[in-house]
Amino acid sequence: MDWAVLVGYWPFVLGLLVTGVFSGLAAGLLGIGGGAIIVPALATALSLMGYDSDLVQHVAVGTSLAIIIPTGIMSARAHYKRGALDMRVLRLWAPLIVVGTFIGGLMAGYFSGDVLRIVFAVMAFVIAANIVFAFQTKLMGHLDGSSLTHRISAFVVGYISALMGIGGGSLTVPTLVAFGATMHAAVGTSAAIGVAIALSGTLGFVISGWGVAGLPPFSVGYINLVALVLVAVLAAAFAPMGAAIAHRLNQQTLKYVFAAFLVFVGLNMLWKVIFG
């Protein structure tokens, strides 16, 4: 590889480093694993490098899930130290969320890139609306004591999270709040649940992308190792800082920050579907 090619990669590398910082802060602050930042950022970077639009979205989603593993561990650890991790809920959710995420990761290869983008955008809008208007609490609040409801919710969250390439926080947080958890406890527990989602989903994307032609260099299935290393290191390092910020904000402020963030990301995804 000559120097001209190496120089051409520097904007991509710098973009990944900035993505790592912001995704780590988002993971700690909102319990979302950073995927809502990583997926659009990585997809944009790969598109600018000339890769096929369908492959770009799959690689972005799969790699995002892999990156969430270390980010989620660091974020969950920081919240655990502050007493904001509900072990009862974690035990209820973990087994079914792993199954749902693995199935979603395997099936992702059958969907086009635009389908994955639309899923991401629509769910982002629904979740943001729910945070502001709390309709999920009215529908599901009385089911907090039901283990079956927790497990069904875990499977659905896992499946959709795999298609979105997120750690599930944007689905898990409002669901746990609807079940009666405080915002801080929901964010902390969501970070731990996100690790289970990321592990299972990553395996699914490795399998579904194995042998696919036209992938970026240093890819294992739909997981790009260059992006994984660069983003994961900084994301894991900055997640505790985001958690510290979260515990300085009141719950109402945290909810509105979360909702505004999701709307922005959803609009970005729809823009890509409509205008390419």
_Crossing angle, helix 147-164 versus the chain [Cα axis fit, 0-90 degrees, rounded to tens]_ = 20 degrees
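Quick check on region 142-230: take the gyration tensor over C-alpha atoms, sort the square-rooted eigenvalues as a ≥ b ≥ c, and tell me if it's rounded (a/c under 1.5), prolate or oblate.
Prolate, since a/c reaches 1.5 and a/b exceeds b/c.
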_Interchain or long-range residues, amide H under 5 Å from residue 224's placed H_ = 63
_If I model a spin label at residue 148 and residue 87 as a point 7 Å from the Cα along the Cα→Cβ vector, what separation in nanometres do I get?_
2.8 nm
_Can you tell me the orientation of helix 53-81 relative to the chain, as the angle in degrees between its alpha-carbon axis and the longest Cα principal axis, to the nearest 10?_
40 degrees
*Using 0.36 nm per residue, how much length does the chain from residue 48 to residue 271 gain when fully extended, once their Cα-Cα distance is taken away?*
78.7 nm
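Which whole-number percent is the relative contact order of the chain (Cα, under 8 Å, 6+ apart)?
On the way: 541 pairs, mean separation 100.3, N = 276.
Computed over the chain, the figure is 36 percent.
What stretch of the chain, leaving out the sites themselves, is the longest with no trypsin sites (Lys or Arg not before Pro) in a DSSP loop having at most 16 other Cβ atoms within 10 Å?
Counting only loop sites that pass the neighbour cut-off, the longest clear stretch is 83-247.
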*To the nearest 10 degrees, how steep is helix 169-178 against the longest Cα principal axis of the chain, on a 0 to 90 scale?*
10 degrees
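Rounded if a/c is under 1.5, else prolate if a/b is larger than b/c, else oblate: which is region 22-108, with a ≥ b ≥ c the root eigenvalues of its Cα gyration tensor? Mind showing how you got there, number by number?
Working: a/c = 3.98, a/b = 1.59, b/c = 2.51.
In terms of gyration-tensor shape, oblate.
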_Answer label, with Kirkwood radius over Cα pairs in Å calculated from the coordinates and candidates [x] 18.1; [y] 19.7; [z] 18.6_ = [x]
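Bear in mind that the values in this text are calculations on the coordinates, not laboratory data. Quick caveat, the model's predicted, so the values are computed rather than measured. Cβ sites come from the backbone with ideal geometry, for glycine too, and all protein chains shown count toward neighbours.
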